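The values are calculated or read from the model by the stated rules, or taken from the named source; none is laboratory data. Keep in mind that what you see is a predicted model, and the values were worked out from it rather than measured. Methodologically, a virtual Cβ is constructed for each residue, glycine included, from the backbone with ideal geometry; neighbour enumeration extends over all protein chains shown.
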């Protein structure tokens, strides 16, 4: 009997390893992406896998969402592919990609008219700080919009925490021995734990997620023991859910159009 059980276990393990080795995330993008679009009743778009960073600032006009092959290398199943696609879609729904494109274009236009070298250096630094700060905030909002889209499409939203945790982190995170992209993953966990507690309770069966939960548990316990911090947490997460839902409705109502890409189109036509 023991020999039979051992044989079955070895066979199952072999199949799991073989599946992991043959999983090709690039081939799943269109199917997974179409499911997210369909289940969320979003305006129809197509999907493409690109070698470089995904630039989706013109998706309203192109109707094509780019997904980075670099990001896909951190995925091992459809839930994780959905996480990569959903975070890109989240930035589109929230108009973050269009906003960054417009701000960058306007900043570059202003910089091109500054002739003094010292002033140009200061302006360059100011531009980068402004865009990076905006991107960080918008990135986190895109993440939680993405998990809303994943849930509606039937995917496990905790996969986004796992995927981001596999990606390269910052030097500051490494120095502090924090998980990679910790602010983003913690933001996702907080959002899910308040707004979708059943999803968090169900968990995600992999060591990366278990290690993440073990790392953050002391922080969760400390917050839960402080009534003021807990009240602030609940208020923040309830507000975040309302804002994300409002943004999603706006995106659907305008069929994907937003003031940022409309303004950029007008500016480009004038120039």
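Could you pull out the residue among 77, 58 that is modelled with pLDDT of 90 or more and farther than 14 Å from residue 145 by Cβ?
Numbers: 58 fails: modelled with pLDDT of 90 or more.
That would be 77, the only listed residue that is modelled with pLDDT of 90 or more and farther than 14 Å from residue 145 by Cβ.
Picking from 108, 121, 132, which residue would you name as being surrounded by fewer than 16 Cβ atoms within 10 Å (Cβ to Cβ), at pLDDT below 90, on the phi < 0 side of the Ramachandran plot and within 19 Å of the chain's Cα centre (by Cα)? Outline the logic, then answer.
Numbers: 108 fails: within 19 Å of the chain's Cα centre (by Cα); 121 fails: within 19 Å of the chain's Cα centre (by Cα).
None of the others qualify; the one that does is 132.
Please count how many residues of region 149-172 are in a helix (DSSP H, G or I) and either within 19 Å of residue 211 (Cβ to Cβ) or within 14 Å of the chain's Cα centre (by Cα) (or both).
If we filter region 149-172 for residues that are in a helix (DSSP H, G or I), which is where we start, we get 149-152, 158-166, 171-172.
Checking which are either within 19 Å of residue 211 (Cβ to Cβ) or within 14 Å of the chain's Cα centre (by Cα) (or both) leaves us with 149-151, 158-166.
The qualifying residues number 12.
It is to be established whether one or more residues within region 174-182 are closer than 23 Å to residue 154 by Cβ and loosely packed, with under 15 Cβ neighbours inside 10 Å.
no
Consider residue 29 carefully, then state whether it is within 17 Å of the chain's Cα centre (by Cα) and at pLDDT below 90.
On the way: within 17 Å of the chain's Cα centre (by Cα): yes; at pLDDT below 90: no.
Considered against the rule, which asks whether it is within 17 Å of the chain's Cα centre (by Cα) and at pLDDT below 90, residue 29 comes out as no.
Quick check: is even one residue across region 4-25 touching a strand residue (DSSP E or B) at 6+ places or on another chain (Cβ under 8 Å), in a helix (DSSP H, G or I) and at pLDDT 95 or above?
Narrowing region 4-25 to residues touching a strand residue (DSSP E or B) at 6+ places or on another chain (Cβ under 8 Å): none.
No, region 4-25 has no match at all.
Go through region 159-177 and count every residue that is over 18 Å from residue 240 (Cβ atoms) and touching a residue at least 12 places away in the same chain (Cβ under 8 Å). Steps first, answer last, please.
Looking only at region 159-177, we keep the residues that are over 18 Å from residue 240 (Cβ atoms), and these are 159, 162-163, 165-177.
Next, only the ones that are touching a residue at least 12 places away in the same chain (Cβ under 8 Å) stay: 159, 162-163, 165-169.
Here the count works out to 8.
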